[in-house]
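First up is the structure itself, then whatever we jot down about it.
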Amino acid sequence: MTTDKVLCLHGYRYSVYTRIVRVVLAEKSLAYDLSEVNPFEQESSAAANPHPFGMVPVLSHGGFQIYETNAITRYLDAAFPNPALTPRLPSAVARMAQVIAMIDAYGYRPMVRQVFEHRVFRPANGEALDEAEVAAGLRASGKVLAALESVAAEGLVLAKGQMTLAECHLAPMLDYFTVAPEGAALLARCSALSRWWADVAERPSLIRTNPGLPG
């Protein structure tokens, strides 16, 4: 795979999944075009969004197009192997896949859609928040963080000084989650995960892809 084909990312600036792909692109120093697609505005985005289910992100590379974040990041890591974001050790590869699956299945909704969206994003956007959603999100997030703490303590992934697709996947979600004071307080109880987060939060790839807040 050559780099002369244009990379185009179709995504919504505030989407944590769009940001995950952007972090991978930044880690690999890849230039790309960003096409803004708001999946919550169905009428305006229907023609512009190539995702068959109206979601984001979608990556186009020459004549090849792929959707679903995990598939996109795997493709980028295979097509542009330097620096590699997939570890060599089989156990680390398996742990990386486990972390990504766990975050998607159990972390995204409570951490992003409940805690961040209701405590931070909706008020910034002039919308009403639901305290019950925040409370439910915090309860569910505690179990997720405990599982991630054990992974960070083990050190195969989520380890200081290394970057894998697991780190790229988790960091944008944790960045949103810790904007909420309750999220930051919950993370502070996890020593190994907090040490990892203090390191990865300073990476240029995460800083440069921060979309900020509405308003």
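We did not get these values from a lab; they are worked out from the coordinates using the rules stated. Small disclaimer: the values here were computed from a predicted structure and weren't measured. Cβ sites come from the backbone with ideal geometry, for glycine too, and all protein chains shown count toward neighbours.
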Task: Contour minus Cα-Cα distance for ALA184 and ASP33 (0.36 nm per residue) - done: 51.1 nm
Open item on the list: Testing the spin-label approximation: label points 7 Å from Cα along Cα→Cβ at ALA147 and GLN98. State their distance in nm.
Closed with: 1.0
Task: Percent antiparallel among DSSP beta bridges (both partners in region 1-124, rounded to 5) - done: 65
Open item on the list: Run the simple label-point estimate for ALA78 and ALA135 please: 7 Å along Cα→C-beta, distance reported in nm.
Closed with: 4.7
- [ ] Give me the number: length gained by fully extending GLU202 to LYS160, i.e. 0.36 nm times residue separation minus the C-alpha to C-alpha distance, one decimal in nm.
- [x] 14.0 nm
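Please give the contour-minus-distance gain from LEU89 to ALA48: 0.36 nm per residue of separation, less the Cα-Cα distance, rounded to one decimal in nm.
Full extension of this stretch gives 10.7 nm more.
In deg cm²/dmol and to the nearest 500, what is the mean residue ellipticity at 222 nm of the chain if only DSSP H runs of at least 4 residues count, each as -39500 (n - 2.57), divided by the residue total?
Using -39500 (n - 2.57) per qualifying helix, the result is -14000 deg cm²/dmol.
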Open item on the list: Can you compute the radius of gyration and Dmax for the chain, using only the Cα atoms, both in Å?
Closed with: 17.0, 50
Open item on the list: Can you give the local net charge around LEU129? Use residues other than it whose beta-carbon is closer than 10 angstrom to its beta-carbon, Lys and Arg +1, Asp and Glu -1.
Closed with: -3
TODO: With a ≥ b ≥ c taken as the square roots of the eigenvalues of the C-alpha gyration tensor of region 105-150, please select rounded if a/c is under 1.5 and otherwise prolate if a/b is larger than b/c or oblate if it is not?
DONE: prolate
TODO: Sort 163-176, 90-103 for me by packing, meaning the mean count of neighbouring Cβ atoms within 10 Å per residue, highest on top.
DONE: 163-176, 90-103
